[in-house]
Amino acid sequence: MKILLTAFDPFGGESINPAEEGVKLATPPEGVELYKLTVPTVFGKAEKTVIAEIERVHPDAVIMIGQAGGRSGITPERVAINVDEAKIADNEGNIPASQPIISDAPAAYFSTLPIHAITEVLNKGGITSSISNTAGTFVCNHLMYSVLHYAAQRYPKMRAGFVHVPYLPTQKAGKSEGTPSMPLETIVRGLEIILSAVASE
């Protein structure tokens, strides 16, 4: 089985992205041919980068990973919506406001990853996890929506979805007291559990 595992580069003034660091270290389970890709946090470029890699390797599943500061657990996303609404600039200064990602396309797409199984095995493994019902309206949602739309049109058997991870402890400096975080080793273990869950479905 081929799995493409992607992560964004640092954004929003951060010098590190826990998604990127976790993906770098994650190892695949037996029987999985794993491809890794760092994606620019840029509207319009993120999806082109991932789609080009899909066309190159033809994976059975695409698991996209991103940072969700303020969340305490690993959260598979249920749905991506067809709207860009940025509160901060992406890494090239773009701040889209209330515009569709793809004109005349469906309002939303649901993840085709086994999100219930993922949260169940993560929690059983001692890693806090829950399903998220919003991927936001920044580049994470943009990428998830775009890849699911592309898959629906071109590769309907390919599974795809997005998972958010918390801040690393080193990112808490200068943030409000009580900001949650997760150690890198826990994030890596969580990603490896996710890979196994996807491969076993």
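The values are calculated or read from the model by the stated rules, or taken from the named source; none is laboratory data. Since we're looking at a predicted model, the values are computed, not measured. A quick note on method: Cβ atoms are made from the backbone with ideal geometry, for glycine too, and the neighbour counts reach across all protein chains shown. Calculation scope for accessible area: heavy atoms of the full protein, side chains included, ligands and nucleic acids excluded. Shrake-Rupley method; radii C 1.70, N 1.55, O 1.52, S 1.80 Å.
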Please go through region 1-58 and give me each residue that is assigned to a helix (DSSP H, G or I), farther than 22 Å from Arg189 by Cβ and either among the small types (Gly, Ala, Ser) or in contact (Cβ under 8 Å) with a residue 12 or more places away in the chain (or both), ordered by number.
Ala46, Glu47, Thr49, Val50, Ile51, Ala52, Glu53, Ile54, Val57
The condition of being crowded, with 17+ Cβ neighbours inside 10 Å, more than 14 Å from the chain's Cα centre (by Cα) and either within 20 Å of Val198 (Cβ to Cβ) or at pLDDT 95 or above (or both) holds, among Pro76, Pro28, Pro18, only for Pro28
Single match in Glu177, Glu192 (criterion: of a type in the set (Asp, Glu) and modelled with pLDDT under 95):
Glu177
Could you check region 182-201 and list, in sequence order, the residues that are in a loop (DSSP other than H, G, I, E, B) and open to solvent by 70 Å² or more (accessible area, probe 1.4 Å)?
Glu201
Going through region 1-15 in order, the residues found to be open to solvent by 50 Å² or more (accessible area, probe 1.4 Å) and among the small types (Gly, Ala, Ser) are Gly12, Gly13, Ser15
Reported set for region 86-121 where residues are surrounded by 17 or more Cβ atoms within 10 Å (Cβ to Cβ), over 16 Å from the mean Cα position of the chain (by Cα) and not in a loop (DSSP other than H, G, I, E, B) is Val121
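Could you list, in sequence order, all residues of region 122-156 that are under 14 Å from Glu47 (Cα atoms), open to solvent by 30 Å² or more (accessible area, probe 1.4 Å) and aromatic (Phe, Trp, Tyr)?
If the condition is that a residue be under 14 Å from Glu47 (Cα atoms), open to solvent by 30 Å² or more (accessible area, probe 1.4 Å) and aromatic (Phe, Trp, Tyr), then Phe138 is the only one that fits.
Going by the conditions given, is Thr179 in a helix (DSSP H, G or I), β-branched (Val, Ile, Thr) and either touching a residue at least 60 places away in the same chain (Cβ under 8 Å) or open to solvent by 50 Å² or more (accessible area, probe 1.4 Å) (or both)?
no
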